[in-house]
Amino acid sequence: MQVKIEESWRQRLQDEFDAPYFERLIRFVKSEYAQQRVYPPGRLIFNAFNLCPFDRVKVVIIGQDPYHEEGQAQGLCFSVPTGVQIPPSLVNIYKEIQTDTGATIPASGDLTRWAEQGVLLLNATLTVRAHQAGSHQRQGWEQFTDAVIRKLQNERTGLVFILWGSYAIGKRALIDEQRHLVLTSPHPSPLSAHRGFFGNHHFSQTNRYLLQQGLEPIRW
């Protein structure tokens, strides 16, 4: 199957695109877009990959679902376009960045600038029906994004995997912590941020590790 995705990712993921599960997934996704309101816009489904080629990935942040309200989802976990109200989890992420690094809190929730620096903002499920969180789970997206994590784990070294909340932490089993740095904490959601997300220092830890690898730190 031909998928419109950045070339370095296409080369590494073509076996997934040709697999029966992915063909079933795409049939489901096309049907949903034809019959329902689905996010993100189709052109942005693979936005995380298009903005961050395989060899440029330095950090992987794993989310679960795209945002499911109008105008929010843009194919990058935790990110919303400029002009859209910043969601509570991202508000808390920005607060921790400010406390951890001293950076000024941005006015925009658009994390494209992170992606362009090598942060793969990967949701485990890449599409969602409007107003229905989790509606596209268990259709094949998780199998695909697990394959993405394995590709990075196996073909790269010295990456930082940031796992917030029990769902993302469940992906830890896919990662060799002798080859990569894995950072875990509670989710930045208002329901859990005070249980250990605040004060996790993940952003400064990430940049220290990248410097140790001889890489440019992320401008959070």
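Taken together, Tyr21, Tyr39, Tyr67 contain a single residue that is open to solvent by less than 70 Å² (accessible area, probe 1.4 Å), within 13 Å of the chain's Cα centre (by Cα) and over 30 Å from Gly158 (Cβ atoms), which is Tyr67. Of the residues making up the range 8-18, just one is basic (Lys, Arg) and either in contact (Cβ under 8 Å) with a residue 40 or more places away in the chain or open to solvent by less than 30 Å² (accessible area, probe 1.4 Å) (or both), namely Arg12.
Given the criteria basic (Lys, Arg), surrounded by 15 or more Cβ atoms within 10 Å (Cβ to Cβ) and under 13 Å from the mean Cα position of the chain (by Cα), does Lys58 qualify? Can you show your working first?
Numbers: basic (Lys, Arg): yes; surrounded by 15 or more Cβ atoms within 10 Å (Cβ to Cβ): yes; under 13 Å from the mean Cα position of the chain (by Cα): yes.
Answer is yes for this residue.
Please go through the range 153-203 and give me each residue that is out of contact with any helix residue (DSSP H, G or I) (no Cβ under 9 Å at 6 or more places or on another chain) and touching a residue at least 24 places away in the same chain (Cβ under 8 Å), ordered by number. Across the range 153-203, the qualifying residues are Gly165, Tyr167, Ala168.
Does at least one position in the range 151-163 carry a residue that is at pLDDT below 95 and open to solvent by 50 Å² or more (accessible area, probe 1.4 Å)?
Within the range 151-163, the subset at pLDDT below 95 is none.
No.
The number of residues in the range 105-133 that are open to solvent by less than 20 Å² (accessible area, probe 1.4 Å) and assigned to a loop (DSSP other than H, G, I, E, B) comes to 8. Exactly one residue out of Val60, Val3, Val29 is in a loop (DSSP other than H, G, I, E, B) and in contact (Cβ under 8 Å) with a residue 12 or more places away in the chain, and it is Val3. The test for being under 21 Å from Pro217 (Cα atoms), modelled with pLDDT of 95 or more and either surrounded by 18 or more Cβ atoms within 10 Å (Cβ to Cβ) or of a type outside the set (Lys, Arg) (or both) holds for Glu177.
Any idea which residue in the range 42-55 is farthest from Gly75 (Cα to Cα), counting only those that are assigned to a helix (DSSP H, G or I) and open to solvent by less than 70 Å² (accessible area, probe 1.4 Å)? Can you show your working first?
Taking the range 42-55 and keeping what is assigned to a helix (DSSP H, G or I), we get 42-44, 47-51, 54-55.
Then keep just the ones that are open to solvent by less than 70 Å² (accessible area, probe 1.4 Å); that gives 42, 44, 47-51, 54.
Numbers: Gly42: 9, Leu44: 5, Asn47: 5, Ala48: 6, Phe49: 9, Asn50: 10, Leu51: 10, Phe54: 16 Å.
This residue is Phe54.
Scanning the range 167-193 for residues that are hydroxyl-bearing (Ser, Thr, Tyr) and outside any strand (DSSP E or B) yields Tyr167, Ser189, Ser192. Answer with yes or no whether Arg219 is in a helix (DSSP H, G or I), open to solvent by 40 Å² or more (accessible area, probe 1.4 Å) and at pLDDT 95 or above. When the stated conditions are applied, Arg219 does not pass them. Pro66 meets the conditions (1) at positive phi; (2) modelled with pLDDT of 95 or more in every case but one. The failed one is (1).
The values are calculated or read from the model by the stated rules, or taken from the named source; none is laboratory data. Computed from a predicted model, the values in this text were never measured in an experiment. In this analysis, Cβ positions are derived from the backbone assuming ideal geometry, glycine residues included, and neighbour counts consider all displayed protein chains. Ligands, DNA and RNA are stripped out before the accessible areas are found, and what is left, the full protein with its side chains, is counted by its heavy atoms. Shrake-Rupley method; radii C 1.70, N 1.55, O 1.52, S 1.80 Å.
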